[in-house]
1. Just checking, how many residues over region B:22-63 are surrounded by 14 or more Cβ atoms within 10 Å (Cβ to Cβ), facing another protein chain (nearest Cβ under 10 Å) and over 18 Å from residue A:174 (Cβ atoms)?
2. From A:148, A:196, A:204, A:141, grab the single residue that is in a helix (DSSP H, G or I) and in contact with a helix residue (DSSP H, G or I) (Cβ under 8 Å, 6 or more places away or on another chain).
3. Give the residue that is surrounded by the fewest Cβ atoms within 10 Å (Cβ to Cβ), with candidates limited to residues of region A:178-193 that are part of a helix (DSSP H, G or I) and within 9 Å of another protein chain (Cβ to nearest Cβ).
4. For residue A:273, state whether it is within 14 Å of another protein chain (Cβ to nearest Cβ) and either surrounded by 15 or more Cβ atoms within 10 Å (Cβ to Cβ) or in contact with a strand residue (DSSP E or B) (Cβ under 9 Å, 6 or more places away or on another chain) (or both).
5. For region A:86-104, give me each residue that is touching a residue at least 60 places away in the same chain (Cβ under 8 Å) and either in contact with a helix residue (DSSP H, G or I) (Cβ under 6 Å, 6 or more places away or on another chain) or assigned to a helix (DSSP H, G or I) (or both).
6. Test residue A:59 against the stated conditions and say whether it is in a helix (DSSP H, G or I), modelled with pLDDT under 85 and surrounded by 14 or more Cβ atoms within 10 Å (Cβ to Cβ).
7. On the given criteria, is residue A:117 in contact (Cβ under 8 Å) with a residue 12 or more places away in the chain, closer than 30 Å to residue A:244 by Cα and in a helix (DSSP H, G or I)?
């Protein structure tokens, strides 16, 4: 294969890989990556990943077998980058009014690493297809890879596995209740009045046993609380622990009761936000996938 | 890395109008009426960044979470 074919393959591979990274780079209200510096570093790493993927097959065709060590080095590099992202997010935890929690951070770091690998894969397919066959083969492979990747990164959200409904807040003496679930003991009368006036409550009822286990996971609960606080705000300062959003579990039914004192007192917004929280991979309940689990299911 | 030592889930202070509350290792603030108790508890909560819990018998405890 002449050098020109190789160059075309690599260029196409880098181009499609970068396009893939741009598509995967979705910054939304979850504030990650932070715009614009985070954007730039994610994009740059995406281009590097695309290049590594694109170069692999043309290099092997030319007989340069060091391309294999190249890929191994790249894997090492991206693992380190994942650790770096994790450290950055962990360092920011103390400055958040409601923290993300280690499970959410781990999920974000893992997703970041995985997306770079996806980019390598797409670039590899396009460059390989172009170098070994024709340009259109490479492009078709690229389009197929695009759709596969879009499927792979699809995330389930809480709204798909639980029914979310509003729930009234009430006090029994100093005890705060969301519906009939006890949340916490609030001593100060002034705080109780603020909670009744500005607080919101919601109930999350799991649809099956897997959902019940997912909602029981503390990392998942912390992620829900964090997302709710980001969208609706928290009516508290650093020295007021009383208005921190909380979630408590009803042990009989596996339901979760959520309590928050938001800046925006919009119950519909609260319900929609909870519905859109992603299910964390590490928190996902899997009891129904085991035979014993299915047997135990009611 | 943020290394800090925090005392959590311990009673930091007690504010009470009950004479029968016996002392231990925690500072006890005796008050005479409800209004004084609320104000003192509120102030201490802000200073200690702790939460006020009502345990009954006219006694509030301050705990850091």
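1. 2
2. Details: A:148 fails: in contact with a helix residue (DSSP H, G or I) (Cβ under 8 Å, 6 or more places away or on another chain); A:196 fails: in contact with a helix residue (DSSP H, G or I) (Cβ under 8 Å, 6 or more places away or on another chain); A:204 fails: in a helix (DSSP H, G or I).
Residue meeting the stated conditions: A:141.
3. A:190
4. Here the answer is no, as residue A:273 does not meet what is asked.
5. Matches in region A:86-104: A:98, A:99, A:100, A:101, A:102, A:103, A:104.
6. Details: in a helix (DSSP H, G or I): yes; modelled with pLDDT under 85: yes; surrounded by 14 or more Cβ atoms within 10 Å (Cβ to Cβ): yes.
Yes: the conditions hold for residue A:59.
7. Answer is no for this residue.
Each row is one residue, and each column tells you yes or no for (1) free of Cβ contacts under 8 Å to residues at least 12 places away in the same chain; (2) surrounded by fewer than 15 Cβ atoms within 10 Å (Cβ to Cβ).
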position	(1), (2)
A:113	no, no
A:123	no, no
A:129	no, no
A:151	yes, yes
A:156	no, yes
A:161	no, no
A:164	no, no
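The values are calculated or read from the model by the stated rules, or taken from the named source; none is laboratory data. The structure presented is a predicted model; accordingly, all values stated were derived computationally and were not measured. Cβ: placed from backbone, ideal geometry, glycine included. Neighbour counts: every protein chain shown.
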